[in-house]
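Below: one structure, written as structure tokens.
Quick note: the coordinates plus some simple rules give every number you see, no bench work behind them. In this text the structure is predicted, and so the values were computed from the model without any measurement. Reconstructed Cβ throughout: ideal geometry from the backbone, glycine too, with neighbour counts over all protein chains shown.
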Amino acid sequence: MDESYVVLIAREAFITAISVAGPAMLVGMGIGILMAIFQAITSVQEQTLTMIPKIIAVGLTIVFMMPYILRTLGTFTTDVFRAMVDAAL
């Protein structure tokens, strides 16, 4: 296994991590911005007010995205093992 395989696997790992974690992070960021705007409008400065909606939204996003997440991670794992076997031969 030379440097090109390592670079390819590292690149694919980063792309996979971003595509798996990205939707939940974007939802959390969107809810955080909406809650910050709500707090600025109403002058309510309660810290737990922002955390509970974010936790619920990110949890629901992960639940709904679970088939995609499992398929993506399964494909990545299969590709990594296949690359290791091909490199060993």
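Of the residues contained in the stretch 33-41, one or more are found to be under 30 Å from Ala13 (Cβ atoms) and either surrounded by 10 or more Cβ atoms within 10 Å (Cβ to Cβ) or not charged (D, E, K, R) (or both).
Which of the residues spanning the stretch 10-47 are of a type in the set (Val, Ile, Thr) and touching a residue at least 60 places away in the same chain (Cβ under 8 Å)? Listed by number, the list holds a single entry, Thr16. Restricting to the stretch 22-63, count the residues that are in contact with a Pro (Cβ under 9 Å, 6 or more places away or on another chain) and charged (D, E, K, R). The number of residues fulfilling the criteria is 0.
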